[in-house]
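Reviewing the structure listed below.
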Amino acid sequence: MLVALALGAWVDTAPFATLRWTWRGLAWGTAATAPLLWGLWWCLRTGFPPVVRLVRLAEERIAPMFAGSTMLELAAIAALAGLGEEALFRGVIQTALAGHLPVGAAIAMAAALFGLAHWLTPTYAVLAALVGAYLGWAFVASGNLLVPLVAHALYDLVALAILVRRYGGGR
């Protein structure tokens, strides 16, 4: 979030200018989580070798970091990740780019940066970029940063909970 605030000040784009806490935004953000969870379900069940390797890497490297975490702790981590990353990538980067480029190009560039920021493997970077494009579209379609923020945070919560429960022994 500090990066979002600093970059936003530098490029004169307030990270939370489009954040409106509404029931509609909350509902749309919750609903927007469904395609992301379908993608997670596919990743956990596919036999596609790059994705199988990615899941194994997550089990080996990420699950131990959160092993033993409570659901409340996982929810706090997911909420902070969703808030900080959406403030940066949609609230500042995509918004600033959209002031100079067509909206589609702004979404694509912010999504590419989102993928690069999530580089664990090339496969994960591509999947994260696709998620970034989807969240960017949700932001533009709704006009409310709350929609991608909620979708991102809920997805992270479910993904972390599954990872910890299946592989990390969470409580």
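Only the coordinates and a few stated rules stand behind these numbers; no lab work does. Only a predicted model underlies this, so the values are computations on that prediction, with no experimental measurement involved. Backbone-built Cβ (ideal geometry, glycine too); neighbour counts: all protein chains shown.
General remarks:
- Pick from segment 101-116, criterion loosely packed, with under 15 Cβ neighbours inside 10 Å and in contact with a helix residue (DSSP H, G or I) (Cβ under 8 Å, 6 or more places away or on another chain), ranking: farthest from ARG61 (Cα to Cα): LEU101
- Where a residue in segment 29-50 is under 18 Å from LEU83 (Cα atoms) and its partner, wherever it lies, is of a type in the set (Gly, Ala, Ser), with Cβ under 7 Å and at least six apart: GLY29/ALA151; ALA32/ALA138; ALA32/ALA151; THR33/ALA151; LEU36/ALA151
- Scanning segment 6-33 for residues being among the aliphatic types (A, V, I, L, M) and more than 18 Å from ASN144 (Cα to Cα) gives a total of 4.
- Helices (runs of 4 or more DSSP H) (entirely within segment 1-105) containing at least 1 residues that are over 15 Å from GLY136 (Cα atoms): 2-11, 23-31, 33-45, 49-57, 63-66, 71-86
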